[in-house]
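What follows is a single structure, written as structure tokens, with notes after it.
The values are calculated or read from the model by the stated rules, or taken from the named source; none is laboratory data. The structure presented is a predicted model; accordingly, all values stated were derived computationally and were not measured. No Cβ is skipped: glycine too gets one built from the backbone with ideal geometry, and neighbour counts run over all protein chains shown. Protein only, heavy atoms only, side chains kept; ligands, DNA and RNA dropped before computing areas. Shrake-Rupley method; radii C 1.70, N 1.55, O 1.52, S 1.80 Å.
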Amino acid sequence: MITRLTDRWIGRHAEPQLAALRAVDGLRPMTVVTGGSRGIGFALARRFAKAGRHIALVARDKPTLDRATAEIASDYPVKVLPIALDVTAIDAAERLDAELRTAGYYLETLVNNAGIGLSGPFIDHAPDEIDRLISLNITALTRLTRHALPAMLARGYGGILNVASLGGLIPGPNQAAYYASKAYVVSLTRAIAAENAGRGVRLMALAPGPVDTGFHHAMGAELSYYRQLMVALSARQVAFEAYIAYRLGTHLYVPGILGKLMQVAVWIIPHALLLPLMGWLLQRREERPWHDTDHHNT
Ligand SMILES: NC(=O)c1ccc[n+]([C@@H]2O[C@H](COP(=O)([O-])OP(=O)(O)OC[C@H]3O[C@@H](n4cnc5c(N)ncnc54)[C@H](OP(=O)(O)O)[C@@H]3O)[C@@H](O)[C@H]2O)c1
């Protein structure tokens, strides 16, 4: 009932075009989740599948993708399509469309979730590492969004859920490029949500605080104080809350009570005080002996 009302509100200015509707005639709608093979993406994919959506999981590692596909397909009576694809490839959007069309589907909902982090002082990262982060967290997400949105608007329905981070609401010393990339995701998503309000397409930035996945280990941040001191949500809890917020037409959503308190703290505490604290929380702890040794040697 509530979601039917929100559907009406979200589509209050929608102007579906016949040609756009005909273009997907005979195809079935699909929810595409980038980075859907594990972590938050996998949990979001499961949540959408639970709601009866057909799912395409996109990731690079085929065995992990196949395992995730089999698990969702065995739990929910929906089509689950694995697509082994690096979303930073220049032709990723076209390849995605082609894979869906061949299987008899079209992109109705896009979950831009694939992302990587970088931990440590900005000047310690090789330029290539920063390029890789920008090309996944910013460029690929932007390209996919730009590719998918016009067709959704022309049909007058659909949605894009961009996975940002609580880190997108504040600068993050010692994870500077990562936090900055997520600030971009929050800003882009909220801006295009405002540009297209009422045209039938849901646009939401999801901004979780720490979540228990392999993400922190992958960027060498597992020993940082934020991992020790801040309670992490499960990916499942994030997906549960995110799905409700998305259905209700929210534009920016921070899951968890602690996350919401931190969202308020970021607004009210002066950044001159907050940034040194953030830098301390995000510091890579296993790096310190190296710096100490460096100082003794010089
Ligand atoms: N974990 C957290 O605390 C946290 C908090 C806030 C926001 N987030 C954001 O949430 C998103 C998911 O994080 P997570 O913790 O679930 O990470 P994760 O467990 O490391 O999973 C990342 C997923 O992205 C896929 N991926 C990575 N590079 C890709 C590429 N180039 N092309 C296609 N797929 C790619 C991975 O599969 P392959 O490696 O096989 O490609 C995997 O499925 C990220 O955007 C992250 O920034 C995470």
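Brief remarks on what is shown
- Choice from LEU144, LEU261, LEU110 with maximal GNM fluctuation in the chain (Cα, 10 Å cutoff): LEU261
- All aspartates and glutamates inside 13 Å of LYS260 as judged from Cα atoms, apart from same-chain residues fewer than 8 positions distant: GLU241
- When both region 163-186 and region 210-227 are represented by their alpha-carbon centers, they are found 15 Å apart.
- Qualifying trypsin sites (Lys or Arg not before Pro) in region 1-82, where qualification requires a DSSP coil assignment and no more than 11 other C-beta atoms within 10 Å, comprise ARG12.
- GNM result for the chain, Cα springs below 10 Å: residue of VAL24, VAL186, VAL80 fluctuating most strongly: VAL24
- Cα centroid of region 38-100 to Cα centroid of region 230-267, whole Å: 23 Å
- A Förster radius of 22 Å combined with the Cβ-Cβ distance from ALA98 to ARG28 puts the calculated FRET efficiency at roughly 0.85.
- Residue-normalised accessible area of the chain, expressed per residue, 1.4 Å probe, Å²: 49 Å²
- Rg/Rg_ref, the chain, where Rg_ref = 2.2 N^0.38 Å and atoms are Cα: 1.03
- With every protein chain in place and a 1.4 angstrom probe, the accessible-area ranking of GLU71, GLU15, GLU129, largest first, reads GLU15, GLU71, GLU129.
- At q = 0.18 Å⁻¹ the log10 of I(q)/I(0) for region 17-168 amounts to -1.06, computed by Debye summation with a single uniform scatterer per C-alpha, solvent ignored.
- Coarse-grained scattering of region 144-298 at q = 0.08, 0.12, 0.14 Å⁻¹, given as base-10 log I(q)/I(0) from a Debye sum over alpha-carbon atoms: -0.28, -0.58, -0.75
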